[in-house]
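Some notes on the structure that comes next.
Each value in this text was obtained by applying a stated rule to the coordinates, not by laboratory testing. Everything numeric in this text was worked out from a predicted model, so none of it was measured. Please note: Cβ atoms are built from the backbone with ideal geometry, for glycine as well, and neighbour counts cover all protein chains shown.
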Amino acid sequence: MPKHLIVVNGRLFLDGARVGPPPEDAPTAVVIENGKISALTSDVEAARLRHPRAEVIDAGGGLVLPGFDDAHIHVIPGGQWYGLLALKEAATVRELQDRVAKYAAAHPELPWIWGGGWRYATWGDAAPAKEALDAVLPDRPAMMVCTDGHSYWVNSAALRAAGIDRHTPDPPNGTIVRDPATGEPTGWLKERAGQLIYRVMPEPSHQDLKLALRRAVRALNASGFTAVQDARTDPGEVPVWREALAEGHLTLRSRIALPMAPEQSLDQWRATLDEHADLVAPLTGDWLTSGIVKGFVDGVIESRTAAMLAPYEGEESAGTPAFEPEQLTSFTVEAHRRGWQVQLHAIGDRAVRMALDAFAAAGRRRHRVEHVEVIDPADVGRFAALDVVASMQPMHAFSATDRAHGWHRVIGPGRAATNWPMSAIHAAGGAIALGSDWPVVDFDPFTTLHAAMSADHALTLPQALTAYGHGSAYAAHAEHRRGSVAVGMDADLAVLDRDPLADGDVRGTGVAATIVDGLVVHRAG
């Protein structure tokens, strides 16, 4: 059915540089025909061009900009967390225990208690311990996932269920933290060791995953998102995405990244790429796409699993990469040769360098480094030189004060000064894409924008808005379709309830309407 829509009385985000009110002669209206922007004009001219059946949105002087495009998000896991045991607000171990106990008492029917969001700083100078969880859950197995998704706090019942004891070897790219005197597991699992628990936990049903995706899509649309880039999609979840599209529930342009795991040989990786290609071959439209694989080069700084160029403060270890450099390069080159874009989780400065080295060997395809929490200054300019996108999540930087216990202290002030180098990479000509990493942190776009403007290496508001629209679209090879308010572009827009560029402050801003493909998928009130 033809779609006709006009947005009037708006302040349009057009040049990516405006600070303060727009010029008096700036266009105030967007005319949309059949899912495309057909004109940017005055309200008077828009009324003349208006189709008789056109819907009209009065922006009320609010900013009209490309819909937000979260370049790094975990959509289904985010939807799964709605209503589950949330630990982010717990400030002490006692509060963690109280929340676990209350949730377990309210859900006697659950065979496992699963929650997450705890922070390293909550433990102070201690570490996650099974005894603290056993005290409130002595019999039912339980696993609490850290807010970063790279550490797991489990009780004794969960260890027993998984068959983990002092004789269990560490899995590849994982660590079972042990008591130094007895060798017994302490209840803290790092990185891939968490999979030892997941493999014995009840798996969510197909219907559970569908409901999680629908919840997430609705929530994201309500916050002005018109596109998402799922940072790691399990192959088993692809049918869930396809069904959501077929049933009309996928009102976000979505791109899914399939896994590139280090626990395989190059020949096995080639076979995996064949399987990935077959899996995504039916994704032929512009609503659900792939063409990208995701690998983890390292872990995170707080648990000392991020790969650094020099040892952590006061330690001999500098962290161990998940891939050997030669393996990472060969896997990346093979994926590149077959036409895949590669995105690599790299937090430590050594991991960032390894990722850039692999991309240098592979060639230019707008490959991506995810997170870039610490960087050696010598590598800043390589993003532009190699046409590599820095996919950044500024909420992680904004929460660095909360993470001081496990972040600044373990790498020292010198390296900490290079944290989240958004402005440095931007100034050197590199492309920045913004995302949230939800559910690690909230996906709220205004919190993300405020964080980008408040970090040590901050972006201006126009730069941050550009990175959240055009930058994310560029990272997805979609800048010819979305990410700009321009004639001929897809009508994927967010209409804000005010113009934050007028005063440079995004706090208190809301979304009045969200438009995807020329259709209003959310309207406030």
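Helix content alone sets the calculated 222 nm mean residue ellipticity of the chain: runs of n ≥ 4 DSSP H residues at -39500 (n - 2.57) each, divided across all residues, give -8500 deg cm²/dmol. Amide H contacts for SER151 (H built 1.01 Å from N in the peptide plane; partners 5 or more residues away or on another chain; cut-off under 5 Å): CYS146, GLU191.
Summary of the geometry: the range 157-232 and the range 95-153, compared by the centres of their Cα atoms, lie 13 Å apart.
Helix 445-454 and the long axis of the chain differ in direction by around 80°, with both axes built from C-alpha atoms. Ordering HIS336, HIS107, HIS396 by the number of other Cβ atoms within 10 Å of each residue's own Cβ, fewest first, gives HIS107, HIS336, HIS396.
Between the helical axis of 266-280 and the longest alpha-carbon principal axis of the chain there is an angle of about 40 degrees. Roughly what angle does helix 349-362 make with the longest principal axis of the chain, taking Cα atoms, 0 to 90 degrees, to the nearest 10? In the chain, helix 349-362 runs at an angle near 60 degrees to the longest axis.
When both bridge partners sit in the chain, DSSP labels roughly 40% of those beta bridges antiparallel. Between amide H atoms placed 1.01 Å from N, distances below 5 Å from SER290 occur with ILE256, all of them 5 or more places distant or on a separate chain. Legend: ranking of residues ILE6, ILE515 from fewest to most surrounding C-beta atoms inside 10 Å; resulting order ILE6, ILE515. Rounded to whole numbers, the Karplus 3J(HN,Hα) couplings from phi for the range 114-122 are 10, x, x, x, 5, 10, 4, 4, 4 Hz, using 6.51 cos²θ - 1.76 cosθ + 1.60 with θ = phi - 60°, and x at Gly and Pro. Using the Cβ-Cβ distance between ALA524 and GLU326 with R0 set to 51 Å, the FRET efficiency works out to roughly 0.45.
Taking other Cβ atoms within 10 Å as a rough exposure proxy, LYS190, LYS3 sort from fewest to most as LYS3, LYS190.
Considering only beta bridges that DSSP places wholly inside the range 383-525, some 65 percent are antiparallel. For the range 215-222, 3J(HN,Hα) computed residue by residue from phi via the Karplus equation (6.51, -1.76, 1.60; θ = phi - 60°) reads 4, 5, 4, 4, 5, 5, 4, 5 Hz, glycine and proline entered as x.
Evaluated on the chain, the Kirkwood hydrodynamic radius is 24.0 Å, with distances taken between all distinct Cα atoms. Taking amide hydrogens as placed 1.01 Å from N in the peptide plane, the amide H of ARG253 sits under 5 Å from those of ALA227, VAL228, each at least 5 positions away in sequence or on another chain.
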